[in-house]
Amino acid sequence: MEPNNFMKALIWLSGTIWGTNWTFVWALLPWLVVLIPLAIYKSKVLDVLRLGDPIAIGVGVQIEKERRLLLLISVALAGVCVSVGGGITLFGLIAPHIARRLVGVRHAKLQPLTAILGSLLLLSADTLGRVIMAPMELPVGIIVSILGAPYFIYLLVKNFQKKAHFPGR
C-alpha cells in the first residue's frame, strides 16, 4: 500500500470535500433527485408517526411498512452522501436541531431547512478549514467536530436538565 493512498483514506474517514468535482455531483444527482422528493413527500407520515403508534394506527398508517420505507430512504441518502464526502460527523445531529428551533416540528418545513442549514454549515466549515492554517488545509470533518461538539454537549445537558426537573417526561 502506498503512503499516498493511506493519507487519502485517512482524510476521507475524517470527512472532506477536497478534490470533489462535477463527476461526483453527476453521480449523486439521480439518487438525490429521487430520494429527496420522496422524503419530503413522506413528511406527513413522519408527522403522524411522531404522535405515537396508537394514533398512527388509528388514522390508518401502516407503521411497519412506513418505517421500513423511511429507513430505506434515510439510509440510502446517508450512504450516497458518505460515499462522496466521507464521515462528516455531527451534521445529522446539529442541522435538524437548529432547523427545529427555527420552524418547529412539521417535517414539510423541517426537512428542506435542515438540508439548507447542513449545506451552509458544511460550506462554512470547509471555508474555515481552508483559511485557519493556510496554506495547509484541515479536513472539514475535523472542523465540524470541533464546532459541533459544544452544541451537541449543550443539547445533551439541556435534555438532561429537563428530565431532572420533570422526571415523568
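The values are calculated or read from the model by the stated rules, or taken from the named source; none is laboratory data. Bear in mind the structure is a predicted one, so any value in this text is a computation, not a measurement. Methodologically, a virtual Cβ is constructed for each residue, glycine included, from the backbone with ideal geometry; neighbour enumeration extends over all protein chains shown. Calculation scope for accessible area: heavy atoms of the full protein, side chains included, ligands and nucleic acids excluded. Shrake-Rupley method; radii C 1.70, N 1.55, O 1.52, S 1.80 Å.
Within the stretch 84-97, the set of residues being in contact (Cβ under 8 Å) with a residue 40 or more places away in the chain and open to solvent by 50 Å² or more (accessible area, probe 1.4 Å) comprises THR89, LEU93, HIS97. Summed over the stretch 41-83, the residues that are out of contact with any Leu (no Cβ under 9 Å at 6 or more places or on another chain) and buried (at least 16 other Cβ atoms within 10 Å of the Cβ) give a count of 1.
Only residues that are at pLDDT 80 or above, within 17 Å of GLY86 (Cβ to Cβ) and of a type outside the set (S, T, N, Q): list them for the stretch 113-137, please. GLY118, LEU121, LEU122, LEU123, ALA125, ASP126, GLY129, ARG130, listed by residue number.
So that you can scan it fast, the table gives a plain yes or no per residue for (1) in a helix (DSSP H, G or I); (2) of a type in the set (Phe, Trp, Tyr); (3) surrounded by 12 or more Cβ atoms within 10 Å (Cβ to Cβ):
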| site | (1), (2), (3) |
| --- | --- |
| ARG101 | yes, no, no |
| LYS109 | yes, no, yes |
| SER124 | yes, no, yes |
| THR127 | yes, no, yes |
| MET136 | no, no, no |
| ILE143 | yes, no, yes |
| ILE146 | yes, no, yes |
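Listed by position, the helices (runs of 4 or more DSSP H) contained in the stretch 1-93 that have at least 1 residues being at pLDDT below 80 are 3-14, 63-85.
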